[in-house]
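Student: Below is a structure I'd like to ask you about.
The values are calculated or read from the model by the stated rules, or taken from the named source; none is laboratory data. None of the values given here were measured: they were computed from a predicted structure. Positions of Cβ are generated from backbone atoms using ideal geometry, with glycine treated the same way; all protein chains shown enter the neighbour counts. SASA here: full protein model, heavy atoms, side chains in, ligands and nucleic acids out. Shrake-Rupley method; radii C 1.70, N 1.55, O 1.52, S 1.80 Å.
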Amino acid sequence: MTDRTTTRRRRTAAGLTATAALLALSACSSSSGSGGASATSTPAATSGSASASGSATVGSAARISIKNFTFVPATLAVSPGAKVTVTNQDTTTHTVTATTGKLFDTGDVPPGRTATFTAPGKPGTYDYICSIHQFMMGTLKVA
Ligand SMILES: [Cu+2]
């Protein structure tokens with residue numbers, strides 16, 4: 001099954017800067033206008049090919065589902081400090097708990113509920129388990 005989530009896109013800073021520059025230019029050049037409505041038409045700044053799509057995981061929603069005592073996906077790649085949403089689709093309580101020093105831990109997530117945790121800020125591979133059912137294992141890759 002596919003779960004479509006809306007991915008929020010960030011406007012590129014470059015595009016905003018270009019627009020601001022254009023606005024500043026047009027504002028300066030129209031100093032001697034006599035109130036006429038026919039100003040010189042500003043060129044439409046179509047910066048179509050500004051594909052500054054960086055690393056795939058940045059800005060996208062990071063989420064883990066728990067179903068049938070399994071973490072989905074088994075390995076999730078996130079950026080440092082990312083907020084990860086955990087959805088428990090089982091009928092029993094689970095947790096997402098880092099095996100190393102409890103670097104992250106959702107605590108109990110009741111059936112049908114959602115919890116969030118913050119990924120470690122340091123890049124690395126972090127295994128986690130359900131602290132209730134410790135055979136449940138998943139991996140968080142921070143890079
Ligand atoms: Cu569990």
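Student: Can you tell me which residues in the stretch 110-138 are open to solvent by less than 10 Å² (accessible area, probe 1.4 Å) and small (Gly, Ala, Ser)?
Tutor: 119, 138
Student: What number of residues within the stretch 110-143 are among the polar types (S, T, N, Q) and within 14 Å of the ligand (Cβ to nearest atom)?
Tutor: Step one: of the stretch 110-143, the residues among the polar types (S, T, N, Q) are 114, 116, 118, 125, 131, 134, 139.
In the following step, the residues that additionally are within 14 Å of the ligand (Cβ to nearest atom) were identified as 131, 134.
Here the count works out to 2.
Student: A follow-up question, please. Six or more apart or on different chains, Cβ under 7 Å: which pairs go from a residue in the stretch 89-111 that's outside the structural domain of residue 132 (by TED's automatic domain parsing) to one that's within 12 Å of the ligand (Cβ to nearest atom) and assigned to a loop (DSSP other than H, G, I, E, B)? Could you list them?
Tutor: No pair meets every condition.
Student: Out of the residues in the stretch 62-109 meeting the condition of being open to solvent by 30 Å² or more (accessible area, probe 1.4 Å), within 12 Å of the ligand (Cβ to nearest atom) and not in a loop (DSSP other than H, G, I, E, B), tell me which one is nearest to residue 131 (Cα to Cα).
Tutor: Filtering first and then ranking leaves 70.
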